[in-house]
Amino acid sequence: MTARISATRPHVPAPRGGVAVPPRVALTDRDRITLELARHGGDMVLGAVLRLAGPPPGPRELVDHLAARIGRVPELTYRPYGLTGRRPYWARDPDFDVARHVYEEVRPARPGRAADADLAAVLGRPLPEDRPLWGVWLVRSREPGAEGYALCYRVHHAFQDGLAAMAAVEALFGPAPGAAPVPFGDADPGGAAAPPLAEPEPVPGCLVTVRVDTAELFRTARAAGASLHQLCLALATATARQWAPLAGTAPLRANLGISLRRPATPVRPIGNQVGVLSVELPVDERDPLLRLRRLVRGVPGDRLVGRGRRAHRLRARWPVLDRLALRRAIDPRTAALSVADVRLRRVLEFAGTPVRQAYPIPVLVPGQRLFIAWTSYRGQLHVTFRTDRPTPGLDQLPRLWRSALDDLCRALDD
């Protein structure tokens, strides 16, 4: 059950620093294609689920918190106009009200994985087009006396890409102005180790999650001469290779999101600024170490940067070719799955309570079998697996991911 908070009109402070937003921003071809995919059944809403310990706040407390910080992200006051016309655009909503973007979700009491239940509680919730296309959901358990809750930031992919969405999350839930910096590790501000939240059995649905220690991942990546991103691609390859719905699919291609922004330029806050790189995953390779080395050769970091620059030039000079390339890349017949590395660079908190876990919410193109997204936060890698429909064997994905890491570690030891 979702409840919306009654509307008020909190004061929106003037922007302080950051990227200036022009009065009107035209929708790009990517924005339009993303909206079109949503109309054809795709869930093109991304974001993050932030999990915190302790008793949940009241909705009014969340509204006041967001109202005090919305000036850090003035783009969140922009809504779409003219979507049925030839020149749609984003512009400031004259009726903007923070309370119209805050919702409360009470998830059923069940003994399953709390993180999975929190994500499942907000999937498919609409983002009305008569206001800016984002929202924050307060998710709490129906179980009396249950502690722990989630804050879920969701935004339409036509309005923000993953990089801009995470920047908005950091602005809304980063440390308060003037507060002492919180170390980006496993310790709380007071220095005590963060107690792990429970991770019991999966909840049936279209997604599951897994957490692994990033210290082990970094040790493995250094020993193999790979980056953390390349290591996660290898784990995704091994997971897809063993997962029954994709096992035997060769060649297996994946869509990898790459930024189209110019190097060293600020994040453009509005619009989809992400391209798609098609990567062939070496699922035919049985040896986990050779599999990783093939990915290191095939997906070097400098290649991703160069591909992003070429895609930026292509979009500027030949927009028709750019649209054709994008449509082909997101065709589920071209790639059976997508992968994304979503970056968080700050410790998050709400009302002085640190966020314990941060799971990405990936979009899902209609007909695509699987999306794997991961983010590194407070010493742990948080991975979300999402399918286009309830799929037999979905609950095996976390075990396969952990098993792939164990196999790679054993191969390095040998």
| message | Can you confirm whether Leu381 is over 17 Å from Tyr153 (Cβ atoms) and crowded, with 24+ Cβ neighbours inside 10 Å? | response | no
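From Ala115, Ala158, grab the single residue that is modelled with pLDDT under 95, in a loop (DSSP other than H, G, I, E, B) and buried (at least 24 other Cβ atoms within 10 Å of the Cβ). Can you show your working first?
On the way: Ala115 fails: in a loop (DSSP other than H, G, I, E, B).
None of the others qualify; the one that does is Ala158.
Return the only residue of Leu290, Leu281, Leu295, Leu344 being over 22 Å from the mean Cα position of the chain (by Cα), modelled with pLDDT of 90 or more, crowded, with 18+ Cβ neighbours inside 10 Å and under 25 Å from Cys232 (Cα atoms).
Leu295
Would you point out which residue out of Ala221, Ala198, Ala247, Ala167 is of a type in the set (A, V, I, L, M, F, W, C), at pLDDT below 95, assigned to a loop (DSSP other than H, G, I, E, B) and surrounded by 13 or more Cβ atoms within 10 Å (Cβ to Cβ)? Lay out the reasoning, then the answer.
Numbers: Ala221 fails: assigned to a loop (DSSP other than H, G, I, E, B); Ala198 fails: surrounded by 13 or more Cβ atoms within 10 Å (Cβ to Cβ); Ala167 fails: assigned to a loop (DSSP other than H, G, I, E, B).
Exactly one residue qualifies, and that residue is Ala247.
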With criteria (1) modelled with pLDDT under 80; (2) surrounded by fewer than 15 Cβ atoms within 10 Å (Cβ to Cβ), Ala351 comes up short on (1)
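Would you pick out the residues in the stretch 34-57 that are over 29 Å from Gln380 (Cβ atoms) and either of a type in the set (Gly, Ala, Ser) or surrounded by fewer than 17 Cβ atoms within 10 Å (Cβ to Cβ) (or both)?
Initially, the stretch 34-57 is screened for residues over 29 Å from Gln380 (Cβ atoms), giving 34-42.
Of everything in the stretch 34-57, those that are over 29 Å from Gln380 (Cβ atoms) and either of a type in the set (Gly, Ala, Ser) or surrounded by fewer than 17 Cβ atoms within 10 Å (Cβ to Cβ) (or both) turn out to be Glu36, Ala38, Arg39, His40, Gly41, Gly42.
Name the one entry in Tyr103, Tyr153 that is touching a Phe, Trp or Tyr at 6+ places or on another chain (Cβ under 6 Å), assigned to a strand (DSSP E or B), hydroxyl-bearing (Ser, Thr, Tyr) and touching a residue at least 24 places away in the same chain (Cβ under 8 Å).
Numbers: Tyr153 fails: touching a Phe, Trp or Tyr at 6+ places or on another chain (Cβ under 6 Å).
None of the others qualify; the one that does is Tyr103.
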Residue pairs qualifying under the 8 Å Cβ cut-off, at least six apart or on distinct chains, with the first in the stretch 124-135 being closer than 16 Å to Thr34 by Cα and assigned by TED's automatic domain parsing to the domain that holds Met44 and the second being among the hydrophobic types (A, V, I, L, M, F, W, C) and assigned to a strand (DSSP E or B), are Leu127/Val45; Leu127/Trp134; Leu127/Val155; Leu133/Val155; Trp134/Val155
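Conditions (1) assigned to a loop (DSSP other than H, G, I, E, B); (2) touching a residue at least 12 places away in the same chain (Cβ under 8 Å); (3) of a type in the set (Ser, Thr, Tyr); (4) outside the structural domain of Arg343 (by TED's automatic domain parsing), marked per residue:
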| residue | (1), (2), (3), (4) |
| --- | --- |
| Gln368 | yes, yes, no, no |
| Ile372 | no, yes, no, no |
| Thr384 | no, yes, yes, no |
| Thr391 | yes, yes, yes, no |
| Asp395 | no, yes, no, no |
| Pro398 | no, yes, no, no |
| Ser403 | no, yes, yes, no |
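Surrounded by fewer than 21 Cβ atoms within 10 Å (Cβ to Cβ), assigned to a helix (DSSP H, G or I) and modelled with pLDDT of 90 or more - does that describe any residue in the stretch 131-149? Break it down into steps so the answer makes sense when it comes.
Taking the stretch 131-149 as the starting set, the residues that turn out to be surrounded by fewer than 21 Cβ atoms within 10 Å (Cβ to Cβ) are 131, 140, 142-148.
Right, trim to assigned to a helix (DSSP H, G or I) and you get none.
No, every residue in the stretch 131-149 fails to be surrounded by fewer than 21 Cβ atoms within 10 Å (Cβ to Cβ), assigned to a helix (DSSP H, G or I) and modelled with pLDDT of 90 or more.
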Just one listed residue, out of Arg86, Arg92, is farther than 15 Å from Tyr149 by Cβ and either surrounded by 18 or more Cβ atoms within 10 Å (Cβ to Cβ) or modelled with pLDDT of 90 or more (or both), and it is Arg92
Can we say Val155 is within 19 Å of the chain's Cα centre (by Cα), more than 27 Å from Gln273 (Cβ to Cβ) and not assigned by TED's automatic domain parsing to the domain that holds Val342? no
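If only one of Pro10, Pro57 is part of a loop (DSSP other than H, G, I, E, B), within 22 Å of Ala351 (Cα to Cα) and modelled with pLDDT under 90, which one is it? Please lay out each step first, then the result.
On the way: Pro57 fails: modelled with pLDDT under 90.
Unique residue meeting the criteria: Pro10.
The values are calculated or read from the model by the stated rules, or taken from the named source; none is laboratory data. All values derive from a computational prediction rather than experimental measurement. Positions of Cβ are backbone-derived with ideal geometry, glycine not excepted, and every protein chain shown enters the neighbour counts.
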